[in-house]
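Written below as C-alpha cells is the structure these notes are about.
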Amino acid sequence: MILLTASLFAQEVTNQYDKIDKFDQGVAIMWKLGKCGLVSQDGKEIIKPQFEKISRFGRDGIAYTTKKGLIGLITMTGKVIVDNIYGSISPFNGFYAITRKNGLAGMINKQGKVLIENQYESIRVEKGGIIRAVIGGKEVILNLKDE
C-alpha cells in the first residue's frame, strides 16, 4: 500500500502595501503611504497608488476616483475613463451622468465622452429623456445629437 501525502505551503504574492481591501471580481483596493490603487488577487498592480479614494465598483465595472479633491472614473482593468477633472459626477442614470466642473453642469456617458459641455447652471433629465438646463437664469431644452 502506497500512502500519498499532500504538502501545502503559503507563498506571499505581495507584501508592499499598508492595507488591502476585500477582493471583488478578482481586484481589491490597496493603500500605500496614504494613497490607494488597485491590485489583482495574484498580487499584480493594476493601478499604482495615486488616488485619495476609490469607490466600490458598480455592476457596470466602473468606480469613482478622487485625486486632489477632483473626481474621475476607472474600470476594473485599470483603464481611466475620465481623468480627475470634475468637482462631482452623479451616479449613472442609464448611460449618462451629470458632471459639475467649476460650478457648472454638463453630462458624460459611460465611455467618458462629453455629451453636454459644462456650461449650464443646472441640468435635469425628465421621464421620456427631455433634458432641461438653466443658463443665464433661463431654462432651455437640450437635444443630444447622434454622431
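The values are calculated or read from the model by the stated rules, or taken from the named source; none is laboratory data. Everything numeric in this text was worked out from a predicted model, so none of it was measured. Cβ coordinates were reconstructed from backbone atoms using ideal geometry, including for glycine residues, and neighbour counts include every protein chain displayed.
Looking at the structure I just gave you, is GLY137 touching an Asp or Glu at 6+ places or on another chain (Cβ under 9 Å), closer than 30 Å to ASP21 by Cβ, surrounded by fewer than 15 Cβ atoms within 10 Å (Cβ to Cβ) and not aliphatic (A, V, I, L, M)?
no
Output the residues belonging to the range 116-131 that are closer than 21 Å to GLY87 by Cα and either free of Cβ contacts under 8 Å to residues at least 12 places away in the same chain or assigned by TED's automatic domain parsing to the domain that holds ILE74 (or both).
GLU117, ARG124
Please verify whether the range 113-131 includes one or more residues that are loosely packed, with under 13 Cβ neighbours inside 10 Å, at pLDDT below 95 and of a type in the set (A, V, I, L, M).
yes
Return the pairs, sorted by first residue and then second, in which the second residue is in a loop (DSSP other than H, G, I, E, B), the first residue lies in the range 93-104 and is more than 21 Å from ASN143 (Cβ to Cβ), the beta carbons are less than 9 Å apart, and the residues are 6+ apart or on different chains.
Between residues of the range 93-104 that are more than 21 Å from ASN143 (Cβ to Cβ) and residues that are in a loop (DSSP other than H, G, I, E, B), the close pairs are ARG100/GLY87; ARG100/SER90; LYS101/GLY87; ASN102/GLY87; GLY103/GLY87; GLY103/GLU121.
Only one of these conditions is not met by MET76: (1) within 17 Å of the chain's Cα centre (by Cα); (2) exposed (fewer than 15 other Cβ atoms within 10 Å of the Cβ); (3) touching a residue at least 24 places away in the same chain (Cβ under 8 Å). Which number is it?
Evaluating MET76 over (1) within 17 Å of the chain's Cα centre (by Cα); (2) exposed (fewer than 15 other Cβ atoms within 10 Å of the Cβ); (3) touching a residue at least 24 places away in the same chain (Cβ under 8 Å) leaves (2) as the failure.
Could you list all residues from the range 51-67 that are of a type outside the set (Ser, Thr, Tyr) and under 17 Å from THR99 (Cα atoms)?
Residues satisfying the conditions are ILE62, ALA63, LYS67.
Hey, among LYS113, LYS35, LYS53, which residue is in the same structural domain as GLY128 (by TED's automatic domain parsing), free of Cβ contacts under 8 Å to residues at least 40 places away in the same chain and among the basic types (Lys, Arg)?
Numbers: LYS35 fails: in the same structural domain as GLY128 (by TED's automatic domain parsing); LYS53 fails: in the same structural domain as GLY128 (by TED's automatic domain parsing).
Only one candidate passes the filter, namely LYS113.
So which residues in the range 76-94 are touching a strand residue (DSSP E or B) at 6+ places or on another chain (Cβ under 7 Å), modelled with pLDDT under 95 and among the small types (Gly, Ala, Ser), if there are any at all?
Hit for the range 76-94 is GLY78, nothing else.
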